[in-house]
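Only one structure is covered here, and it is reproduced in the block below.
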Amino acid sequence: MSQGMCPRVSPLVVPLLLLLSAGELCLGSPSCQEVRTAFQLRQIGPLKWVPDVPGTDEELQVCQHRGPTCCTRKMEESYQVAVRRETLQTIQSYSFELKFLLVGHATSFQDAFQSLLHFAQNHTSSLFESAYRALAREATAPVKELFTDLSLYILGSDDTVEGAVQRFYDNLFPLVYNRLVNPGIGTMRQEYAECLRMTRQDVNPFGSHPKSLVQELSRSFKAGRTLSKALNMGVEVINATEHAAFTRECGRALVRMHYCSHCQGLTLIKPCVGYCLNVMRGCLPGLAELDQPWWDYISNLEELTNAMAGAHDLELALLGIRNQVNDAILYTQLNGPRLTAIVDKVCGQPAERVVHPSPETMPPPGSTPAPKPPIEAQLGRLSKKRSSLPLKSSKNDKPRSLKKISRDFVSYMQRYKTFYSALAELLCEGELVRDSSTCWSGEDVVESYTNRVVGNGLQAQKLNPEVKVRGLDPVLTQVKERLQRFNQEMLGKVEGQSDRVGTWEPGSGDASGDCDDEDGCQGSGEGDLKEDNIIAKNADRWKNELFTKDPPRGKERGFDTTQQTTTTSRPLFILKGGSSMLRPSLLLLLLLLLPLS
């Protein structure tokens, strides 16, 4: 054979060589490349943990396989961390819209409520600017404080609607008495104004109107406060759902369902539907136990919304504050003479009565003042003033309806009544599970899953063939108990508001709850002020509290009795504990019992 010439090959050998070369190209050597790709794309762990070719690892505890495997012990540990993270992310993706509804509606409710409060505050302030201009400047602070207290009550403060209303009328009484009932007083001393504030509920200058306002506001505000708490409770439940803890048995079952097929190079196979349901229901028994309380929670939200839209309409109650305040002021003006007589006995007479007439009301020189019209004429004039007051401002200024916000919210929430009972099915739908001719059973590729498929809840998991369930997540158990208790409280508040708050009827007395017709709070239906009856009910209790051992000397910070100089001196009393302010109820009894000179 000469140099550069190829060796002669037998014609029979060529086809055999071509066949062997084709076999090597088609079959190739076993590889774990697809497993490495999936491991990298899902960011499960470092690629160095994935072998290049299948091998054996006797340390595997979950994905044990008789033949060669592409998994190692470190990969298995990384799979357990990844599968927990991925399952929680999937749960969060399904609960995101539900949480968005709760948080979004809570924000919308607060925004609408604050806008409505601002609207109602301006609406009430306009009463003083239009009908009682003498009070307009000084009444700004009490009105603002009232609506601030109501806002804090909705947000969950410990204050009450009754407390806010009573403070408002306590602060309003000195202004009305000084500017409307006795405008000739001039500048009122601080001690005298404080006496009026302290004696307001005993003197009862506004009749039954404070209690009527408490009644109207309490019904609606309790419903609004309960709704605010309910939204926060819903968010708390969803947060617990998104951070559910998985047991060790659950983590192993999830790895077996999602990643043990990868160890055999089967990265595209999906779990069987029945197999997935068993695993998910075994991993989430605590969430399934929330099903009934959550159903009740949504139902109670619907009832609460109906309550706010019906008898407990928050918007109407807020807009009605103006009319209630106006009626209370008119009542005080109509009973001015009797009120003045009582106040003079309780707080004494002011230091001076200096009239400061305005230029518009100052009579011309040489003219004689017109006689004061009779009470019937005053009543007619005040009634006309009341009828001339608008109920509310333009509709274009009205904020978005709380009723509409709540109804839209409940209509959306109805879709999530079965969220917790259907959560396992949601996790097993879509891309996770494909209903194809073959599926993964946890050990091998099969045509169908033959084991029993269990239901939801803790009791059903006793027969679960895939996950051993020994108990519930303590955090979810606590959330369930809190939700159940809240449902009971919410249901009671919705059903019992009219029973607890609405038992009062017009004409039953003032808001203190200790005043009836015999106390002189209401009178014969017109709310006549009866000074003799104001203290009758509590006279026996007061008798032993009249005097203290050491009366003060001279003028004190409380009340100055030297203004009423008489031949028979009146002792000045101090409260126990060293305070020099007089107890109004005790002073009232004393002044009525001691002889006047």
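The values are calculated or read from the model by the stated rules, or taken from the named source; none is laboratory data. Remember, predicted model here, so these are calculated numbers, not experimental data. A quick note on method: Cβ atoms are made from the backbone with ideal geometry, for glycine too, and the neighbour counts reach across all protein chains shown. Calculation scope for accessible area: heavy atoms of the full protein, side chains included, ligands and nucleic acids excluded. Shrake-Rupley method; radii C 1.70, N 1.55, O 1.52, S 1.80 Å.
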With every protein chain kept in the model, how would you rank THR450, THR477 by accessible area, 1.4 Å probe, largest at the top? THR450, THR477
Heavy-atom SASA rank of GLU76, GLU216, GLU429 (probe 1.4 Å, accessible area, largest first): GLU429, GLU216, GLU76
Taking the alpha-carbon centroid of each part, what is the distance from region 260-275 to region 47-125 in angstrom? 21 Å
Could you tell me the calculated FRET efficiency between GLN33 and SER299, based on Cβ-Cβ distance and R0 = 56 angstrom, to the nearest 0.05? 0.55
One point scatterer per Cα, no solvent, Debye formula: log10 I(q)/I(0) for region 432-486 at q = 0.13, 0.15, 0.31 Å⁻¹ comes out as -0.54, -0.65, -1.18
Would you kindly derive the ³J(HN,Hα) couplings of region 179-185 from the backbone phi angles with the Karplus curve 6.51 cos²θ - 1.76 cosθ + 1.60 (θ = phi - 60°), listing them in order in whole Hz, with x for Gly and Pro? 9, 10, 6, 10, x, x, 5
Can you tell which of LEU339, LEU287, ALA317 lies farthest toward the positive end of the dipole of region 287-350, using +1 and -1 charges on the Cβ of basic and acidic side chains (Lys, Arg; Asp, Glu)? LEU339
How big is D, in µm² s⁻¹, for region 59-106 by Stokes-Einstein at 25 °C and 0.890 mPa s if Rh is the Kirkwood radius over C-alpha pairs? 183 µm²/s
Taking every pair of alpha-carbon atoms in region 66-222, what share in percent sits in each 10 Å bin, from 0 to the bin with the longest distance? 9, 26, 22, 11, 8, 7, 7, 5, 3, 1, 0
Over all directions, the average projected area of the alpha-carbon convex hull for region 262-312 comes to how many nm²? 6.0 nm²
Once you have all Cα-Cα distances for region 45-84, histogram them in 5 Å bins from zero and send the whole-percent values. 6, 26, 33, 24, 10, 1
Which value in nm describes the separation of the simple spin-label points at THR148 and ARG73, placed 7 Å from the Cα toward the beta carbon? 6.7 nm
Ratio of the Cα radius of gyration of region 149-195 to 2.2 N^0.38 Å, where N counts its residues: 1.50
On a full-extension model of 0.36 nm per residue, what is the gain between SER157 and THR450, subtracting their alpha-carbon distance, rounded to one decimal in nm? 99.8 nm
How much of LEU88 can a 1.4 Å solvent probe reach, expressed as accessible area in Å² and rounded to 10? 40 Å²
Taking a ≥ b ≥ c as the square roots of the Cα gyration tensor eigenvalues, with a/c under 1.5 meaning rounded and otherwise prolate when a/b beats b/c, else oblate, which class fits region 257-347? prolate
Hey, if you put +1 on the Cβ of every Lys and Arg and -1 on every Asp and Glu Cβ in region 138-244, which of ASN182, ASN232, GLN215 ends up farthest toward the positive end of that dipole? ASN182
With no solvent term and unit scatterers on the alpha-carbon positions of region 230-298, Debye gives log₁₀ I(q)/I(0) at q = 0.13, 0.21 Å⁻¹ of -0.51, -0.92
Please list GLU58, GLU34 in order of solvent-accessible area, largest first, computed with a 1.4 Å probe with all protein chains present. GLU58, GLU34
Theoretical gain in end-to-end length, THR90 to GLN61 [0.36 nm per residue, Cα-Cα removed]: 7.9 nm
Using the Cα gyration tensor of region 108-193, with a ≥ b ≥ c the square roots of its eigenvalues, what is the shape: rounded (a/c below 1.5), prolate (a/b larger than b/c) or oblate (neither)? oblate
